[in-house]
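The values are calculated or read from the model by the stated rules, or taken from the named source; none is laboratory data. Note that the structure is a prediction, hence the values are computed from the model and not measured. All Cβ positions, even for glycine, are placed from backbone atoms using ideal geometry, and neighbour counts span all protein chains on display.
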Amino acid sequence: WLRNRLRYCIWHHWKKPERKRKNLIRLGIDHDHAYAWSRTRMGGWAVAQSPILGTTITLDRLGKRGYEAMLTHYEKIAPHLNEPLYTRPVRTVV
């Protein structure tokens, strides 16, 4: 959900169709698709979940801009939570 929200905010920040087209081309989309996708009638949230932004604003690109995945952030702040709770037997095994 969070990645889609970031994509939505980026799409909403571009505002005008011409700016959306230029930025899609800058992200590697060919001119025909960029023109069609920039003038879509879908809402911002639908675009964020569609292949329009899913293929252009990937997790790698978000990571390069400083937005790390929730899992990597969680593993940094709580590495001890990934260990098993009990590492020794509760009773003596005979």
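A few notes on this one:
- Any hit, segment 47-60, residues being hydrophobic (A, V, I, L, M, F, W, C) and touching a Ser or Thr at 6+ places or on another chain (Cβ under 9 Å): yes
- Taken over segment 28-48, the criterion of being at pLDDT below 80 and closer than 23 Å to Gly66 by Cα is satisfied by Gly44, Val47, Ala48.
- Residues that are under 29 Å from Met70 (Cβ atoms), out of contact with any Leu (no Cβ under 9 Å at 6 or more places or on another chain) and among the basic types (Lys, Arg), drawn from segment 4-27: Arg5, Lys15, Lys20, Arg26
- The number of residues in segment 26-65 that are exposed (fewer than 12 other Cβ atoms within 10 Å of the Cβ) and hydroxyl-bearing (Ser, Thr, Tyr) comes to 0.
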